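Here's the structure, in C-alpha cells; my notes come after.
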Amino acid sequence: MVACGSGARLPLSAGTGANPELPAPATSLIPTVNVATATGWPPGAKPIAASGTVVAAFASKLDHPRWLYVLPNGDVLVAETRAVFVQGLYSPFGMALVGNDFYVANSDAVVRFPYVEGETHIGAPPIKVVDLPAGRRNHHWTKNLVANADGSKLYVSVGSNSNAAEHGIDAERDRAAIWEVDPKSGQHRIFASGLRNPVGMAWNAETGALWVSVNERD
C-alpha cells in the first residue's frame, strides 16, 4: 500500500468550486510517498484458504521476490533483489527456458544463459539478445517475457514510462507494448501496443492466443 506522503494542508472546501485553491505541482524522479510498514506472518499463522484447499509456506527469507518461474523438472525459480541462481543481473523480472537456453528479462535488456537441468547456479556470463527501453527515467521497470510453443519467438512486456504520458509521447517510444523478439538475431517488432503496464503473460492452451494482465491507471 502506497499513499501520497506530502499530506493534506488545505481544508476540503479549498479544493472545490469555480476557483479551487490547489497546491503548486512538484516534480521529482522518485515520488514522495509514505509506505506502509510490512509485517510478516506470526509463527504458525497463514492465509485462510478456500474450501477444500490448504496453504503452506513453500519458501521463506527471500529478498524482495517479484516473479516465479517453474522449470520442466519441477524446480521453482524466483526473481528477487539478490539472485542466487544467476548473479550480476540488472533488476531482473521475467524468465523463460527454451531448450537449453535460459532467458532473463533485465530492466534494460533480454539476456541468455546456457542451462543444464538440475544445476543450482549459472556462472556463465550473459549473452545479450536485445536492448529494452530503460534509462534514468524508467517507470514500470519490470520486463516480463514468455516464449512461443516452438521457441522461435520471445514476447517481452514493456510498460509505459509515465502514468498517463505526462512526460510527452516521445518518452513512450517503443513502450506500453509487448515486443516480439527473434532470440537468434535480436530483431524485434511491436506485437501489441497501448498497454500501460503489461505484466503477466500466458498462452491460451486451446486457441494459442497470447493473454496479458495489464496494470492500467489507478
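The values are calculated or read from the model by the stated rules, or taken from the named source; none is laboratory data. Fair warning: this is a prediction, and the values are worked out from it, not measured in the lab. Reconstructed Cβ throughout: ideal geometry from the backbone, glycine too, with neighbour counts over all protein chains shown.
Brief remarks on what is shown
- Scanning the range 194-218 for residues that are among the β-branched types (Val, Ile, Thr) and within 14 Å of the chain's Cα centre (by Cα) yields 199, 212, 214.
- Segments classed as strands (runs of 3 or more DSSP E), wholly inside the range 75-142, with at least 1 members that are at pLDDT 95 or above: 94-98, 101-105, 109-114, 127-131
- Looking only at residues in the range 183-218 that are of a type outside the set (A, V, I, L, M) and in contact with an Asp or Glu (Cβ under 8 Å, 6 or more places away or on another chain), the one that is nearest to residue 131 (Cα to Cα) is 188.
- Subset of the range 176-212 (residues that are surrounded by 10 or more Cβ atoms within 10 Å (Cβ to Cβ), polar (S, T, N, Q) and under 18 Å from residue 147 (Cβ atoms)): 187
- Filter result (of a type in the set (A, V, I, L, M, F, W, C), modelled with pLDDT of 95 or more and part of a loop (DSSP other than H, G, I, E, B)) within the range 196-210: 209
- Considering only residues in the range 143-185 that are in contact with a helix residue (DSSP H, G or I) (Cβ under 7 Å, 6 or more places away or on another chain) and among the small types (Gly, Ala, Ser), the one that is modelled with the lowest pLDDT turns out to be 165.
- Scan of the range 161-186 for residues that are assigned to a loop (DSSP other than H, G, I, E, B), within 26 Å of residue 112 (Cβ to Cβ) and touching a residue at least 24 places away in the same chain (Cβ under 8 Å), ordered by number: 161, 173, 174, 175, 182, 183, 186
- Out of 38, 26, 18, sole residue that is within 25 Å of the chain's Cα centre (by Cα), under 30 Å from residue 163 (Cα atoms), small (Gly, Ala, Ser) and not in a strand (DSSP E or B): 38
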